[in-house]
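Participant: Got a structure here, written out as structure tokens. Questions coming.
The values are calculated or read from the model by the stated rules, or taken from the named source; none is laboratory data. All of these numbers come straight from a predicted model, not from anything done at the bench. For neighbour counting, all protein chains shown are included, and Cβ atoms are generated from backbone atoms with ideal geometry for every residue, glycine included.
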Amino acid sequence: MLDRLIVEGWEGSAPPTGTIGQTAPAYAGGQAVSGTQLGVLGNVSVFDAPFSVSGYSAKLIRDQQAKTLADVVLNDPTVRNDASPFSERDAFFIRGFSVTNLDTAFDGLFYLANPRRSFMEGIDQVQVLKGPSTLLNGGLGRVGGTINLVPKRAADEPLTRITSTYSSDSQLWTHLDLGRRFGAANELGVRVNGSYRNGNTPYNNNQAEVGVASVALDYRGERLRASLDYNHSTQNINAPTSLFNSAAAGVVIPAAPNGRINLSSPFEYHDSTYNMVASRVEYDVLPNTTIYAAGGASAYHEDFVSSSHQIVNANGNATATLAIQPQQIVGVSGEIGVRSEFETGPIGHKVNISAARSLNQNYRGGFVAASLGLPAAYATNIYTPRYLPDGSVNIAALPRSGNLPLFAELTSTSLAISDTMSLLDDRIQLTLGARYQNFVSQSYNTTPGATFGQRNYFNEDGRWSPAIAMTARVNDNLSVYGNYVEALTEGPSAPRTASNVGQIFPPVVTRQREMGVKYDGGAFGVTAGLFEIEQPNGFNSPGGVFSVSGLQVNRGLELSVFGEPFDGLRLLGGVTFMDAKLAKTLNGTLDGKLVPGVPETAFNLYGEYDIPWLEGLTATGRLVYSGSTFYDQANTQKVADWTRVDVGMRYAIEGPHGKPVEFKANIENLFDNNYWASSARGYLAAGAPRTFKISVSSEF
């Protein structure tokens, strides 16, 4: 594995037992990356990783003019977005399981990334691991997979880049990216990113104002390496769409409305502020042994007045309700460990021992709508919305975040040990490992009353989660892999429709089995993987009592391609075939039913072609397809399949002092199709309408 990383140029300034340094280089074509950071396993080549992984480069993020994480993972057929771009958040499904921003890591640390929406200005790479990651990263849940945000670092060459972007309807976006290194050996690096975006979106009445700032410092000495990151963002949205749009039981799901139609009244808003600091340090005590430590903290505040809507018939009639729930989310995460490489006879070992601890707190008030002067539920229609008049809510009198009681707290402490053993010049690599996790989960009553502040839930549990994984290189180009991993997941809670509403169940164990092949053609790569994930699931009985009495079993086949198979032609994407079904349900009533919100077929393909008759001119395009899904567990409410087509052009020239200048133009949803982009978790999210993006980027 080390030989392959050095050949690819990923040796950076660190030995094989280190992780801090230059990020993995882009693979042929510049869109995908050649390696990924796999937690306790360290830096691993994509083709040597015993898991299904994908990574997206800084060049791809710039070329696609990606604003948020959701724009980037749209390139992955195993990932599906679960929220509207005009809401306050991004949310995802990986391998048919919910993955929120709390499952997104920043430089390998969880609970530090923005819990609602991660902006891309300060991000160099986006890495996606498919399947449970308990051994690699710890934490609870993260069944379908995890996403890791790799921050930008200063390169050896100085960088000053300014990008100006216009996005329909009238969004203006300016982004400055500045990088410098200092010292006799360029040992100290500084990377600063700042941007401001404001204006109207294609969504009626919707306006978004976003400010982002990031500062990344790093030091790379002979034996000591360290990094320090600070991230800040503010997001203020007028008339945001709600994630929490639903359909009543038994209702035929109507066709999706035009993507420009906004059900929110103009006075609704969502304002948020996010700050984070994170640091890593590692020291080589021996040429083959590195000790390391990392930690960070984040704080997120949000205030809003937002409506949710429940569709009540096939004509699109709906019931709307207003809600306010200001909250503060605090995250703290840290880890220490040692990583060493050595040999015992013909067997090579790469051993890691680490301990991690994380804390996630939610401060929230419980407010009765009537006591805040909110209007009662009112009738509307998803095609011809009814808006409440300005002044319907006294916004100045509403409670704000910043001085709220503790609502919920999750503390996780874990110890992990792993050994990757290699034989035959690293052609066979076997990883054995396990992580012991102890977690404490508790919540408190925050609704004013006699029991205000009283703890209403407490659970403490611990368990070893084992993992075994193997990669075997058939030859220099072809490898096969397989793994068995387990994950400890928080138990579900009874929904509002259950008679035991609010009851929280003990943790459950999820299991994954996976096998696949990877082919490295030098200029292009192809991977294929088969997987099965079993997770205990909750159901409502005919009497209305919610219980954990069944399984969700997701079986799938993933095929992906990336690279430059022909000169001037670059491809990125693939297809996922999914068989996600319910099993062992109460009295077998739902056995064999398809899991709601999970398409049986998901296809993504992004391509670029360099026009031969004009140097620097590139045509781009993307096709995204999601098969039909069911909204309910009984499979009586069906949501239609959908297709989206994006096109674009890019033109690069040489500017002053030999520095590049790039012009980009993209059209997303070219044919302005109306579709339900997601029907997962009991919510319906409409897809975005046709959107234009034009930008110019200059380096100095």
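Participant: Among the residues of region 255-281, what is the count of those that are in contact (Cβ under 8 Å) with a residue 40 or more places away in the chain and under 23 Å from Thr104 (Cβ atoms)?
Facilitator: The total comes to 11.
Participant: Does any residue of region 670-678 turn out to be among the hydroxyl-bearing types (Ser, Thr, Tyr) and within 25 Å of the chain's Cα centre (by Cα)?
Facilitator: yes
Participant: Here is a follow-up. Kindly evaluate Asp419 against the criterion of being modelled with pLDDT of 95 or more, under 30 Å from Gly337 (Cα atoms) and among the charged types (D, E, K, R). Before you say what the answer is, go through the steps one by one.
Facilitator: Values: modelled with pLDDT of 95 or more: yes; under 30 Å from Gly337 (Cα atoms): yes; among the charged types (D, E, K, R): yes.
Answer is yes for this residue.
Participant: Okay, next question. Residues that are at pLDDT 95 or above: list the strands (runs of 3 or more DSSP E) wholly contained in region 184-302 that include at least 3 such residues.
Facilitator: Those strands (runs of 3 or more DSSP E) span 188-200, 207-220, 224-238, 269-286.
Participant: I would also like to ask the following. Could you grab me the full set of residues in region 92-108 that are under 23 Å from Gly211 (Cβ atoms) and either crowded, with 23+ Cβ neighbours inside 10 Å or free of Cβ contacts under 8 Å to residues at least 12 places away in the same chain (or both)?
Facilitator: Passing the criteria: Thr104, Phe106.
Participant: Just the residues that are part of a helix (DSSP H, G or I) and in contact with an Asp or Glu (Cβ under 8 Å, 6 or more places away or on another chain), please, taken from region 64-109.
Facilitator: Leu69, Ala70, Asn101 - these are the residues of region 64-109 that are part of a helix (DSSP H, G or I) and in contact with an Asp or Glu (Cβ under 8 Å, 6 or more places away or on another chain).
Participant: Can you tell me which residues in region 445-464 are farther than 20 Å from Pro507 by Cβ and either among the hydroxyl-bearing types (Ser, Thr, Tyr) or touching a His at 6+ places or on another chain (Cβ under 8 Å) (or both)?
Facilitator: Thr446, Thr447, Thr451, listed by residue number.
Participant: Name the one entry in Lys664, Lys659 that is of a type in the set (D, E, K, R) and touching an Asp or Glu at 6+ places or on another chain (Cβ under 6 Å).
Facilitator: Lys659
Participant: Within region 409-439, how many residues are among the basic types (Lys, Arg) and more than 21 Å from Gly491 (Cα to Cα)?
Facilitator: The qualifying residues number 1.
Here's the yes/no breakdown for (1) buried (at least 20 other Cβ atoms within 10 Å of the Cβ); (2) within 20 Å of the chain's Cα centre (by Cα); (3) not in a strand (DSSP E or B):
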{"residue": "Leu582", "(1), (2), (3)": "yes, no, no"}
{"residue": "Asn587", "(1), (2), (3)": "no, no, yes"}
{"residue": "Ala602", "(1), (2), (3)": "yes, yes, no"}
{"residue": "Leu605", "(1), (2), (3)": "no, yes, no"}
{"residue": "Pro612", "(1), (2), (3)": "no, no, yes"}
{"residue": "Leu623", "(1), (2), (3)": "no, no, no"}
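Participant: Looking at the structure I just gave you, is Ser560 more than 28 Å from Tyr606 (Cβ to Cβ), touching a strand residue (DSSP E or B) at 6+ places or on another chain (Cβ under 8 Å), buried (at least 16 other Cβ atoms within 10 Å of the Cβ) and hydroxyl-bearing (Ser, Thr, Tyr)?
Facilitator: No; evaluated as a whole, the condition is false for this residue.
Participant: A follow-up question, please. Considering (1) farther than 19 Å from Arg280 by Cα; (2) in a strand (DSSP E or B), say which one Val150 fails and leave the rest.
Facilitator: (1)
Participant: Which of the residues belonging to region 277-326 are of a type in the set (Phe, Trp, Tyr) and either surrounded by fewer than 18 Cβ atoms within 10 Å (Cβ to Cβ) or more than 30 Å from Thr384 (Cβ to Cβ) (or both)?
Facilitator: The first filter runs over region 277-326 and keeps only residues of a type in the set (Phe, Trp, Tyr), leaving 283, 292, 300, 304.
Within region 277-326, Tyr283, Tyr292, Tyr300 meet the criteria.
Participant: Do the conditions hold for Thr576, that is, is it at pLDDT 95 or above, surrounded by 20 or more Cβ atoms within 10 Å (Cβ to Cβ), among the β-branched types (Val, Ile, Thr) and under 23 Å from the mean Cα position of the chain (by Cα)? Steps first, answer last, please.
Facilitator: Numbers: at pLDDT 95 or above: yes; surrounded by 20 or more Cβ atoms within 10 Å (Cβ to Cβ): yes; among the β-branched types (Val, Ile, Thr): yes; under 23 Å from the mean Cα position of the chain (by Cα): yes.
Yes; evaluated as a whole, the condition is true for this residue.
Participant: Can you tell me which residues in region 214-240 are surrounded by fewer than 19 Cβ atoms within 10 Å (Cβ to Cβ) and either under 30 Å from Tyr269 (Cα atoms) or of a type in the set (D, E, K, R) (or both)?
Facilitator: Val215, Glu222, Arg223, Tyr230, His232, Thr234, Asn236, Asn238
Participant: Can I ask one more? Quick one: in region 109-149, which of the residues that are at pLDDT 90 or above and among the basic types (Lys, Arg) is surrounded by the most Cβ atoms within 10 Å (Cβ to Cβ)?
Facilitator: Lys130
Participant: Within region 150-173, take every residue that is in contact with a Gly (Cβ under 9 Å, 6 or more places away or on another chain) and of a type in the set (Val, Ile, Thr) and give me the one that is surrounded by the fewest Cβ atoms within 10 Å (Cβ to Cβ).
Facilitator: The selected residue is Thr160.
Participant: Also, I was wondering about something else. Between Thr19, Thr36, which is touching a Gly at 6+ places or on another chain (Cβ under 6 Å) and either part of a strand (DSSP E or B) or without any contact (Cβ under 8 Å) to a residue 12 or more places away in the chain (or both)? Break it down stepwise before answering.
Facilitator: Details: Thr19 fails: either part of a strand (DSSP E or B) or without any contact (Cβ under 8 Å) to a residue 12 or more places away in the chain (or both).
Going through Thr19, Thr36 in turn, just one is touching a Gly at 6+ places or on another chain (Cβ under 6 Å) and either part of a strand (DSSP E or B) or without any contact (Cβ under 8 Å) to a residue 12 or more places away in the chain (or both): Thr36.
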